[in-house]
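A.B. asks: Before I ask anything, let me first share the structure, which is written out below as structure tokens.
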Amino acid sequence: MSAEGYRFEYRASLDPAGAALAEGGSPLELSRAWTPEHLVLAGLVACSIKSLKYHARRAEIHVTAGGSAHGTIARRDEDDRFAFVEVDVRIEAELDPAPASLDELLAKAERDCFIGASLTVKPSYEWVVNA
């Protein structure tokens, strides 16, 4: 099947009180500390880990991982609009067994995180594996 044949759709809502709801899920009460910018960064971390787990599973590798992201928002030179201009992602992962080609696995994880691919700025990744 060609890439054009795949299509994924998601729905989310936010009520006036600030509770977020994903289709079919329970409401998520977000404190005022959670800004849309924080949600993008958390989504990027979750997507990066999901992508790593997908490729690791195909290689019969078990993954336990967590991570963090830091983003800088400023005016972009090309259009003078505020946007993320730097995004750094740090993922700490335990892989069992260790892959034959760690660099290849991590490159696939970065490439196939659709949130990272959707950003104008390319995220910079730091992977800490089996530390």
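A.B. asks: Could you point to the label whose value was computed as Rg and Dmax of the Cα atoms in Å for the structure here, given (1) 13.9, 43; (2) 16.7, 50; (3) 15.4, 51?
C.D. replies: (2)
A.B. asks: Given a 1.4 Å probe and every protein chain left where it sits, what share in percent of the accessible area of segment 41-131 is carbon and sulfur?
C.D. replies: 49
A.B. asks: Let me know the longest stretch in the chain that avoids all GluC sites (Glu not before Pro) found in a DSSP loop with at most 10 other C-beta atoms within 10 Å.
C.D. replies: Maximal segment without exposed cleavage sites: 79-131.
A.B. asks: Taking R0 as 30 Å, what's the FRET efficiency between Leu21 and Asp96 from their Cβ-Cβ distance, rounded to 0.05?
C.D. replies: The formula returns an efficiency of 0.25 here.
A.B. asks: Treating the beta-carbon of each Lys and Arg as +1 and of each Asp and Glu as -1, no other charges, what is the dipole magnitude of the chain about its Cα centre, to the nearest 20 debye?
C.D. replies: Result for the chain is approximately 220 debye, rounded to the nearest 20.
A.B. asks: Sticking with this one: Defining a contact as two alpha carbons under 8 Å apart and six or more residues distant in sequence, what relative contact order in percent does the chain show?
C.D. replies: Answer for the chain is 22 percent.
A.B. asks: Taking 0.36 nm per residue of separation and subtracting the Cα-Cα distance, what length does fully extending Lys50 through Arg7 add?
C.D. replies: This chain segment gains 13.7 nm when fully extended.
A.B. asks: Per residue, what accessible area does the chain have, given a 1.4 Å probe and all protein chains present, in Å²?
C.D. replies: 72
A.B. asks: So, one more: Name the residue farthest towards the positive end of the dipole of segment 20-90 from the options Phe82, Val63, Leu52, assuming +1 on Cβ of Lys and Arg, -1 on Cβ of Asp and Glu, about the Cα centre.
C.D. replies: Val63
A.B. asks: Using a 10 Å Cβ count of at most 15 others and DSSP loop calls, identify the longest part of the chain lacking such trypsin sites (Lys or Arg not before Pro).
C.D. replies: So the longest stretch without any such site is 82-131.
The values are calculated or read from the model by the stated rules, or taken from the named source; none is laboratory data. Just so it is clear, the structure is predicted and the values come from calculations on it, not from any experiment. Heads up, the Cβs are rebuilt from the backbone with ideal geometry, glycines too, and the neighbour counts pull from every protein chain shown. Accessible surface is based on the protein model in full, side chains and every heavy atom, while ligands, DNA and RNA are left aside. Shrake-Rupley method; radii C 1.70, N 1.55, O 1.52, S 1.80 Å.
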